[in-house]
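Shown next, in structure tokens, is the structure this report addresses.
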Amino acid sequence: LSGNTRNFFLTGNPDSYRNLIGKGLRRLLDIPHTSGQQVYRNANHSSGRFFSRSSQPLGEKIPSLLISCVGQPPCHFAAWNIQINRSFRTSPSLQAAPVPLFWIIVKPAQKLFAIILGRSIRNWWKALPPNKRELFKESARRNKWKILLGVSSLGVVFIMFYFTHLEETPITGRARLLVFGKEHFRELSQMEYDMWMEQFKNQMLPETDARYQVVERVVGHLSESNKDIPQVSALKWVIHVVDEPGVNAFVLPNGQVFVFTGLLDAVSDIHQLSFILGHEIAHAVLEHAVKKASLVHFLDFLSLIFLTMIWAICPRDSLAVVGQWIQSKLQEFMFDRPYSRTLEAEADKVGLQFAAKACVDVRASSVFWQQMELAETIQGQPKLPEWLSTHPSHENRAEHLDRFIPEALKIRESCNCPSLSGPDPRLIFRLNMQHLLESSKGRGSPNSTKQDPSKPKLDFPHT
């Protein structure tokens, strides 16, 4: 859910671990892979209730529940009361890395070695007399084919390494790069679990709490309905509900499920919650943490070559620092962030299939992201280009899910689920949104002389 978080184990910065423990989820850590810079972003923890509600019951397996009105009658909320966290994401907050304590030391040491090596080459070249420089250039021209052959051989080795470490992703069948053993990730999962339990030890809801029981019921139903998938049945799903206003949830690779009460306030019904938790379970089942860490370490190793070249070629240290920063940003925006968006789209699709097999009204999945988009628009939050984010935009997510929904409905039908009755929740949302627009126009008409400053002016040019 907190998608712009970068793992401190990936970057190898020991201070990042202490900062994450101290600041918790109220500060998101974003560290480029090659530069080691730390960029902290605020995550405003605000929960919200949405006026659009699905009236569709879940069927015989799970009765209908209104999560945001637990213990209260169903209610509708004014649009200006909607608040949402822009950093809301559906992915684990940490991406795993192998032998974490080892890499905390090794990764920055690798970069430091590349910088020292490149700088030493530059200083050696500057110290050479002009005649020796010419002799060196002449020798390089005479042996250019040997040099080219050596560089090509190195490239072939990297290509062979890449293709010999490809495996098939469970369920989707897509090829994935796996560099490290899964036993290291089980070790890291336990470390990460201990960290979160220490951080939220005073905020865990008891098992008798109604909100805990709702989450337990949804996760249990999802896992039971998908037990024919070996990766689902192999994990023991353990529930933890944290009394925290942040709109957040994540599942560790070892099956530890963490859900914040802010998320329970943000969803409209049991169907939306089921889809979100299905998405999180898909991250764990598809082993996205392993895939992400493998690609990051592979790219980081390649970047060491470019890092050495930058410090060797740039005439001054200041220019080398700028070149190193540019190289890290190019790697981040050309490889890391697009790959993260691909993993999110894959988890959306598989999570929707999990929800369909559990007889969830899968049509509510795209409504959730439309609600998120609406909430941001009402708050007047700026829209960043999707290529700047590790996750697809809310609008694109809703559109992609709408394309997956017909297939999910067929899966639902093949599982002998009860037929969906009542109106489509997407239609209900559109009608509610139309009513909201008409109400906002009424408040902004010439006849109204005063405007309540607590109610922001609504403007939906894209609608």
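Mind telling me which of the residues 412, 403 ends up being modelled with pLDDT of 90 or more, surrounded by fewer than 18 Cβ atoms within 10 Å (Cβ to Cβ) and within 20 Å of residue 276 (Cβ to Cβ)?
403
Which residues, taken from segment 157-171, are open to solvent by 60 Å² or more (accessible area, probe 1.4 Å) and not in a helix (DSSP H, G or I)?
167, 168, 171
If you go through segment 366-382 one residue at a time, do you hit one that is surrounded by fewer than 18 Cβ atoms within 10 Å (Cβ to Cβ), on the phi < 0 side of the Ramachandran plot and without any contact (Cβ under 8 Å) to a residue 12 or more places away in the chain?
yes
Output the number of residues of segment 185-228 satisfying the condition of being more than 21 Å from the chain's Cα centre (by Cα) and under 30 Å from residue 302 (Cβ atoms).
Of the residues in that region, 1 qualify.
Hey, among the residues in segment 260-304 that are in a loop (DSSP other than H, G, I, E, B), of a type outside the set (D, E, K, R) and under 19 Å from the mean Cα position of the chain (by Cα), which one's farthest from residue 222 (Cα to Cα)?
Among those that are in a loop (DSSP other than H, G, I, E, B), of a type outside the set (D, E, K, R) and under 19 Å from the mean Cα position of the chain (by Cα), it is 267.
Looking only at segment 432-462, which residues are surrounded by 11 or more Cβ atoms within 10 Å (Cβ to Cβ) and either of a type in the set (Ser, Thr, Tyr) or at pLDDT 90 or above (or both)?
439, 440, listed by residue number.
For residues that are among the hydrophobic types (A, V, I, L, M, F, W, C) and in a strand (DSSP E or B), scanning just segment 211-257, find the one that is nearest to residue 188 (Cα to Cα).
Going through the qualifying residues, I end up with 251.
If you take the residues of segment 299-339 that are among the acidic types (Asp, Glu) and surrounded by 17 or more Cβ atoms within 10 Å (Cβ to Cβ), which of them is modelled with the lowest pLDDT?
300
Regarding residue 236, is this residue over 22 Å from the mean Cα position of the chain (by Cα), free of Cβ contacts under 8 Å to residues at least 12 places away in the same chain and surrounded by fewer than 15 Cβ atoms within 10 Å (Cβ to Cβ)?
Here the answer is no, as residue 236 does not meet what is asked.
Testing residue 245 on (1) within 30 Å of residue 360 (Cβ to Cβ); (2) modelled with pLDDT of 90 or more, one condition comes back false. Which one is that?
Residue 245 satisfies every listed condition except (2).
Go through (1) touching a residue at least 24 places away in the same chain (Cβ under 8 Å); (2) surrounded by fewer than 11 Cβ atoms within 10 Å (Cβ to Cβ); (3) not acidic (Asp, Glu) for residue 142 and report which single condition fails.
Evaluating residue 142 over (1) touching a residue at least 24 places away in the same chain (Cβ under 8 Å); (2) surrounded by fewer than 11 Cβ atoms within 10 Å (Cβ to Cβ); (3) not acidic (Asp, Glu) leaves (1) as the failure.
Pull out all pairs, ordered by first then second residue, where Cβ-Cβ is under 7 Å, the residues are six or more apart or on different chains, the first lies in segment 154-171 and is over 17 Å from residue 289 (Cβ atoms), and the second is of a type in the set (Lys, Arg) and open to solvent by less than 60 Å² (accessible area, probe 1.4 Å).
166/176
Select, from 284, 345, the only residue that is surrounded by fewer than 18 Cβ atoms within 10 Å (Cβ to Cβ), touching a Pro at 6+ places or on another chain (Cβ under 8 Å) and among the hydrophobic types (A, V, I, L, M, F, W, C).
345 is the lone residue from the list that is surrounded by fewer than 18 Cβ atoms within 10 Å (Cβ to Cβ), touching a Pro at 6+ places or on another chain (Cβ under 8 Å) and among the hydrophobic types (A, V, I, L, M, F, W, C).
Go through segment 252-281 and give me each residue that's closer than 10 Å to residue 360 by Cβ and either surrounded by fewer than 24 Cβ atoms within 10 Å (Cβ to Cβ) or of a type in the set (Ser, Thr, Tyr) (or both).
Matches in segment 252-281: 274 only.
The values are calculated or read from the model by the stated rules, or taken from the named source; none is laboratory data. Fair warning: this is a prediction, and the values are worked out from it, not measured in the lab. Glycine gets a Cβ as well: all are built from the backbone with ideal geometry, and neighbour counts include every protein chain shown. The area values use the complete protein model at the heavy-atom level, side chains included, leaving out ligands, DNA and RNA. Shrake-Rupley method; radii C 1.70, N 1.55, O 1.52, S 1.80 Å.
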